[in-house]
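What follows is a short report on a single structure.
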Amino acid sequence: MESNSKLENSFKVKPYPVDLPVQHYSELSTGCDEYLSNIQSDGSRLFTLPHGEKVEVTCENIGRLAFLRDGDLSHFILALHTPEDETQVVAVYLQGKWWPVGDVLKTSNKSRCGLVLVESVMERVVLFLLSQVIFGILEKPLGEDLYFSAYSLWEHGKILWQNGEAVGFYTVKKKGSLCDGCTGQSYQLPVLDTVFVRSHWRRTGLALQMLEDFCLSQPSEGILGISFPMSPGMYGVCQKYLGIHKEERDRLYEVEPPGEWAQRRNVWLNIQMRDLPKHCKALTAGGNSEQSPHSSHSHERREADLEEEGILPQKCGSSVSLKDTSSSEKKRPADQSNTGICFKKARA
Ligand SMILES: CC(C)(COP(=O)(O)OP(=O)(O)OC[C@H]1O[C@@H](n2cnc3c(N)ncnc32)[C@H](O)[C@@H]1OP(=O)(O)O)[C@@H](O)C(=O)NCCC(=O)NCCS
C-alpha cells in the first residue's frame, strides 16, 4: 500500500481515470478502433508496467471486455493481457491511453473516501474491474469456483475507498427490481448480492463495515436478504456481526431470488444449527454428521432443542425455510446464466 505522503504528491500531479469526466458509456470505446488499426498497420508497441516490466502490445493480446451483464459488446473496454495468458489482464485502455489495472482502482479525489455510491461511468468501470478482473481472475484462489456475474447498469453498488484506493465493494438487489430479463419476477426484499474485499485489506473489519452499512441503509425493512449461496467467509462475517448485533438475528436471511418465504433461510439459525450448506461446512467446527441436515424431522427436533435453550430467535420458528438445498449447492452467486468474464479478441 502506498504511504499517505506519496499519495498526496500524486494527487497534485496525477488524476486517475475515475476522476476524469466521462459522461457516457460510449466514450469508453472512443478511439479504440483507430488505436487498433494503428497497431495493425504500424506493428507492436511496448507498455511498461509500474514495476518496470515491459509488455508487448499487439492485436493478439488486446481483448474487448464487455462490462454489462448481457455481454453486449457495444459497451466494452479494451484490456491488455500478457502474451502468455489471456486471463492476466495488466492494463485497460481509457481516455486514449493504457492504464495499469492498479491505477484504475486509484483516485486523486480526497473526498472519495469510505463507502461511496456507484454513480458515474468511471465508478462503474471500477466496480466492474473489482468484481470481474480482481475478484474474478487476479485474486481468485486456486480451485475456487465462486464468481460474480457482471452487473447491469442500474445495479445498486457501493465502492469502499481507502487511502485513495478502491479496496472493496458491495452490491444490492433492490426490493422490486427484476430478478432477470426473462421471468418478470422481482425481488421481494432488499438483497445484499455481492460483497468483496481485496486480499491485502482482509480481516480488518471492512466486510463487517459493509454489512452494517447495508443493514442501516434499510431502516424500514423488517427482513433483509443475502444472496444464496453465501461463501464460508461471508458466513464468518455474519457470525461475527450477529454475535454483536443481536437485534439483527431475525432480520438477515440467505435467499434465492425472488426471495419468497420458502426461499429464505435465517442466517443466524443456520449458524446455530451448524447446518450450513455443504459449500460452507468448512466453517463449522466438527459439523453434525449424525443428524441428517436435509431431513425436516431432524430440523424440527433441533429447532425445538434450540428454542428450549433460548438460542432460536423467536420469530424464526415458523418462518424459516427448511428447504433441502443440496441440489443447488454448486453455485453461482448472483445468477447462474453467466459464466464469468466476457473477453473477446480485439480486431480493428
Ligand atoms: C468474505 C469477505 C468479504 C470478508 O471480508 P473481510 O473484510 O476480510 O472481513 P472482516 O475483516 O470484516 O471480517 C470480520 C469477521 O468475519 C469473520 N471472517 C472474515 N473472513 C472469514 C473467513 N474467510 N473465514 C471465516 N471467518 C471469516 C471473522 O470472524 C472476522 O473477524 P476477525 O478478523 O476478527 O477474526 C472476503 O474474504 C472476500 O471478499 N472474500 C471473497 C468474496 C466473497 O466470499 N464474498 C462473499 C460472497 S457471499
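Laboratory data are not the source of any read-out in this text; all were calculated from the coordinates shown. Remember, it's a predicted structure, so these values are computed and weren't measured experimentally. Glycine gets a Cβ as well: all are built from the backbone with ideal geometry, and neighbour counts include every protein chain shown.
Miscellaneous remarks
- Relative exposure of Trp154, Trp99, Trp161, judged by other C-beta atoms within 10 Å (fewest first): Trp154, Trp99, Trp161
- Violating pairs (Cα-Cα greater than 30 angstrom) within the set Lys110/Lys175; Lys97/Lys173; Lys140/Lys173; Lys106/Lys246; Lys97/Lys140: Lys110/Lys175; Lys97/Lys173; Lys106/Lys246
- The stretch between Lys14 and Gln95 holds 27.8 nm of extra length on full extension. This uses 0.36 nm per residue minus the Cα-Cα distance.
- Report note on the peptides 166-174, 47-55, 145-153: ranked by the mean count of other C-beta atoms within 10 Å, highest first, their order is 166-174, 145-153, 47-55.
- Dipole magnitude (debye, nearest 20) for segment 62-181, charges at Cβ of Lys, Arg, Asp, Glu: 580 debye
- Sparsely packed loop sites in segment 106-195 (the GluC sites (Glu not before Pro) outside DSSP H, G, I, E and B with at most 12 other Cβ atoms within 10 Å) comprise Glu119, Glu144.
- Potential extension, Cys182-Glu212 segment - 0.36 nm per residue separation minus Cα distance: 7.6 nm
- At most 14 other Cβ within 10 Å, DSSP loop - GluC sites (Glu not before Pro), segment 202-259: Glu221
- The GluC sites (Glu not before Pro) of segment 54-100 that meet both conditions, a loop assignment by DSSP and at most 13 other Cβ atoms within 10 Å of the site Cβ, are Glu84.
- The separation of segment 17-49 from segment 124-141, counted between C-alpha centres, amounts to 20 Å.
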